[in-house]
Amino acid sequence: MEWRVEYLEDYHIVELFMIGPITGQDLKGSLADRLALGREKGVTDFIINAEELIAQHKAIVDILNLPGKEYLKENMERESRLAVLVPKDPKSVWIAEFYETVCINRGWKVHICSDHASAVRWLLDK
């Protein structure tokens with residue numbers, strides 16, 4: 001999986017773009033990059049743009065570990081909010097839904113959004 005992070009200055013939000021087949025190692029790397037830019041900019045609101053992500057069943061355990069272990073290990077702020085844009089590929093939508101459920105069950109504020117504008121609105125509506 002490729003990824004990049006951008007700071008959306010107008011909204012004070014960091015956006016992570018995830019592209020291609022998802023892997024556990026890439027999840028950790030993209031998390032570290034997302035949080036590093038967030039800390040640099042003083043941001044706790046994030047868009048996880050998974051529109052170009054390709055789901056893989058072998059990443060399930062890695063996704064389970066994100067909110068349960070990796071977020072805590074990386075000292076992610078509990079007040080962080082994450083808006084998730086689902087993959088465009090209908091066969092990959094399940095992974096965003098799974099991620100949302102896993103995160104909510106562990107006390108994180110995560111919401112699936114249908115488009116970029118609704119993701120920004122949800123993050124700004126505090």
### Task
Write out, first by first residue and then by second, each pair whose Cβ atoms fall under 7 Å of each other, whose residues are 6+ apart or on separate chains, and whose first residue, in region 15-26, is buried (at least 18 other Cβ atoms within 10 Å of the Cβ) while the second is of a type in the set (Ser, Thr, Tyr) and outside any strand (DSSP E or B).
16/30; 18/30
### Task
Collect the residues in region 107-117 that are in contact (Cβ under 8 Å) with a residue 12 or more places away in the chain and over 12 Å from the mean Cα position of the chain (by Cα), keeping them in residue-number order.
107, 114, 115, 116
### Task
Go through region 76-94 and give me each residue that's farther than 14 Å from residue 18 by Cα, in contact (Cβ under 8 Å) with a residue 12 or more places away in the chain and exposed (fewer than 15 other Cβ atoms within 10 Å of the Cβ).
77, 78, 79, 91, 94
### Task
May I ask you to verify whether residue 30 is more than 25 Å from residue 125 (Cα to Cα), modelled with pLDDT of 95 or more and polar (S, T, N, Q)?
yes
### Message
Based on this model, can you work out whether residue 69 counts as of a type in the set (Lys, Arg), touching a residue at least 12 places away in the same chain (Cβ under 8 Å) and more than 20 Å from residue 112 (Cα to Cα)?
### Response
no
### Task
List the number of the failed condition for residue 56; all other conditions in (1) surrounded by 20 or more Cβ atoms within 10 Å (Cβ to Cβ); (2) under 15 Å from residue 20 (Cα atoms) hold.
(1)
### Message
If residue 110 satisfies all but one of (1) assigned to a strand (DSSP E or B); (2) loosely packed, with under 15 Cβ neighbours inside 10 Å, what's the number of the condition it fails?
### Response
(2)
### Summary
The correct count of residues that are touching a His at 6+ places or on another chain (Cβ under 9 Å) and either acidic (Asp, Glu) or not in a helix (DSSP H, G or I) (or both) in region 1-50 is 6
### Matching entry among 95, 104, 63 (being in a helix (DSSP H, G or I), within 14 Å of the chain's Cα centre (by Cα) and either within 19 Å of residue 33 (Cα to Cα) or of a type outside the set (Val, Ile, Thr) (or both))
63
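The values are calculated or read from the model by the stated rules, or taken from the named source; none is laboratory data. In this text, all values refer to a predicted model and were calculated from it rather than measured experimentally. Cβ atoms come from the backbone with ideal geometry, glycine included; neighbour counts cover every protein chain shown.
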